[in-house]
1. Determine if the stretch 2-13 includes at least one residue that is of a type outside the set (D, E, K, R), within 13 Å of the chain's Cα centre (by Cα), over 19 Å from Glu109 (Cα atoms) and buried (at least 18 other Cβ atoms within 10 Å of the Cβ).
2. From the set of residues in the stretch 18-39 that are in contact (Cβ under 8 Å) with a residue 40 or more places away in the chain, of a type in the set (Gly, Ala, Ser) and within 18 Å of Leu100 (Cα to Cα), which is surrounded by the most Cβ atoms within 10 Å (Cβ to Cβ)?
3. Testing Arg93 on (1) closer than 29 Å to Ala24 by Cα; (2) more than 19 Å from the chain's Cα centre (by Cα); (3) crowded, with 17+ Cβ neighbours inside 10 Å, one condition comes back false. Which one is that?
4. Go through the stretch 40-63 and give me each residue that's exposed (fewer than 14 other Cβ atoms within 10 Å of the Cβ) and either of a type outside the set (A, V, I, L, M) or touching a residue at least 12 places away in the same chain (Cβ under 8 Å) (or both).
5. Please state which of the following conditions Val111 fails to meet, knowing it meets all the rest: (1) over 19 Å from Pro38 (Cα atoms); (2) open to solvent by less than 20 Å² (accessible area, probe 1.4 Å); (3) out of contact with any strand residue (DSSP E or B) (no Cβ under 8 Å at 6 or more places or on another chain).
6. Is it true that Arg40 is in contact with a helix residue (DSSP H, G or I) (Cβ under 8 Å, 6 or more places away or on another chain) and among the basic types (Lys, Arg)?
7. Scan the stretch 130-139 for residues that are outside any strand (DSSP E or B) and either open to solvent by 70 Å² or more (accessible area, probe 1.4 Å) or hydroxyl-bearing (Ser, Thr, Tyr) (or both) and report the count.
8. Mind listing whichever residues of the stretch 71-122 are farther than 22 Å from Arg22 by Cβ, of a type in the set (A, V, I, L, M) and touching a residue at least 12 places away in the same chain (Cβ under 8 Å)?
Amino acid sequence: MTVTIYHNPACGTSRNVLALIRNAGIAPAIIEYLKTPPSRTELFDLIVRMEVPVRSLLREKGTPFHELGLDNPALTDDALIDAMIAHPILINRPIVVTPLGVKLCRPSEVVLDILPTPQKGAFAKEDGEKIVDEAGKRIV
């Protein structure tokens with residue numbers, strides 16, 4: 001069973017998702033997408049598998065989103081994908097791929113919907129919010 005996370009170690013949400021995956025006893029494939037960005041084909045495939053609009057995967061905070069005029073509603077999906085390929089920081093994260101599906105895991109507890117194994121114990125996010133109880137049951 002392969003679980004893959006498109007991860008940014010500087011992102012708290014991404015770190016929380018990685019920790020939740022590991023709390024399920026899974027050693028995921030970790031792709032630091034800023035160092036190793038997906039190809040255009042890979043990115044398009046992820047978007048299709050997530051069944052989300054291309055625009056919903058764009059990240060604004062801490063990116064050149066506004067400088068590139070990506071808030072223009074007339075831009076095509078191809079133009080948006082081109083921008084994400086040219087500037088991987090525009091790809092919102094973390095994206096997780098499991099046998100049960102592909103999701104943009106924001107908020108981090110969304111990953112629990114697609115993990116193929118249950119949580120092994122309690123889990124709290126970096127900010128202290130409890131997500132999983134001692135029995136491995138989802139709280140949030």
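1. no
2. If we take residues in the stretch 18-39 being in contact (Cβ under 8 Å) with a residue 40 or more places away in the chain, of a type in the set (Gly, Ala, Ser) and within 18 Å of Leu100 (Cα to Cα), then Ala24 is surrounded by the most Cβ atoms within 10 Å (Cβ to Cβ).
3. Every listed condition holds for Arg93 apart from (2).
4. If we filter the stretch 40-63 for residues that are exposed (fewer than 14 other Cβ atoms within 10 Å of the Cβ), which is where we start, we get 40-41, 48-49, 51, 53, 55-56, 60-62.
Hits for the stretch 40-63 are Arg40, Thr41, Arg49, Glu51, Pro53, Arg55, Ser56, Glu60, Lys61, Gly62.
5. If we test Val111 against (1) over 19 Å from Pro38 (Cα atoms); (2) open to solvent by less than 20 Å² (accessible area, probe 1.4 Å); (3) out of contact with any strand residue (DSSP E or B) (no Cβ under 8 Å at 6 or more places or on another chain), just (3) comes out false.
6. Working: in contact with a helix residue (DSSP H, G or I) (Cβ under 8 Å, 6 or more places away or on another chain): yes; among the basic types (Lys, Arg): yes.
The answer is yes for Arg40.
7. In the first step, residues of the stretch 130-139 are kept if they are outside any strand (DSSP E or B); the result is 133-137, 139.
After this cut, where a residue has to be either open to solvent by 70 Å² or more (accessible area, probe 1.4 Å) or hydroxyl-bearing (Ser, Thr, Tyr) (or both) as well, the list is 134-135, 137, 139.
Number of matching residues: 4.
8. So the first thing to find is which residues in the stretch 71-122 are farther than 22 Å from Arg22 by Cβ, and the list is 71-91.
Retained after the next criterion (residues that are of a type in the set (A, V, I, L, M)): 74-75, 79-81, 83-86, 89-91.
Result: Leu80, Ile81, Ala83, Met84, Ile85, Ile89, Leu90, Ile91.
The values are calculated or read from the model by the stated rules, or taken from the named source; none is laboratory data. These numbers come from a predicted model, not from an experiment. With ideal geometry, Cβ positions are generated from the backbone for all residues, glycine too; neighbour counts draw on all protein chains shown. Side chains included, ligands, DNA and RNA excluded: accessible areas come from the protein's heavy atoms. Shrake-Rupley method; radii C 1.70, N 1.55, O 1.52, S 1.80 Å.
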